Amino acid sequence: MRPPERFAPDDPREWLNRARSNLALATGSSPEIYLEDLCFELQQAAEKAIKAVLLSRGVEPPYVHDLAVLVTLLSEDGVETPSAVQRCARLTVYAVEARYPAL
């Protein structure tokens, strides 16, 4: 299988490529993968997909990992967001805290 075509960093298609890549990592199965690492990849997939939609609408996405903030920006720009997309905000906690062992 060939890797996806690459696009410029400000191209929504590249953001979707990266979201798909994160989703593929999240759906991997191995008993050695921590649940929080899978959730981190899901959070990243959701974040990048939402930012792709914002970019496609001419909205510069902010440098945040908070999915609730990003979903709010979609709504403010007139995008109807399904409840499943709104619920993705629960993954925000995995954006940073779950990346490293708890201290």
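Values computed for the structure shown
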item	result
Residue check for residue 97: closer than 27 Å to residue 4 by Cα, at pLDDT below 95 and of a type in the set (Asp, Glu)	no
Of all residues in the range 13-59 being part of a loop (DSSP other than H, G, I, E, B) and of a type in the set (S, T, N, Q), the one that is farthest from the chain's Cα centre (by Cα)	30
Residue match in the range 55-65 (condition: at pLDDT 95 or above and aromatic (Phe, Trp, Tyr))	yes
Matching option when the condition is small (Gly, Ala, Ser), surrounded by fewer than 17 Cβ atoms within 10 Å (Cβ to Cβ) and at pLDDT below 95, among 84, 68, 8, 26	84
Any pair with Cβ under 8 angstrom, 6 or more apart, that starts in the range 80-97 at a residue that is closer than 15 Å to residue 22 by Cα and ends at one that is aromatic (Phe, Trp, Tyr)	94/40; 95/40
Matching residues in the range 87-103 - criterion: being loosely packed, with under 10 Cβ neighbours inside 10 Å and either under 14 Å from residue 44 (Cβ atoms) or small (Gly, Ala, Ser) (or both)	102
Filter result for residue 102 (modelled with pLDDT under 95, within 14 Å of the chain's Cα centre (by Cα) and small (Gly, Ala, Ser))	no
Pairs with Cβ under 6 Å, 6+ apart, first in the range 22-36 and in contact (Cβ under 8 Å) with a residue 12 or more places away in the chain, second hydrophobic (A, V, I, L, M, F, W, C)	22/45; 23/45; 26/38; 26/42; 36/98
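The values are calculated or read from the model by the stated rules, or taken from the named source; none is laboratory data. Note that the structure is a prediction, hence the values are computed from the model and not measured. In this analysis, Cβ positions are derived from the backbone assuming ideal geometry, glycine residues included, and neighbour counts consider all displayed protein chains.
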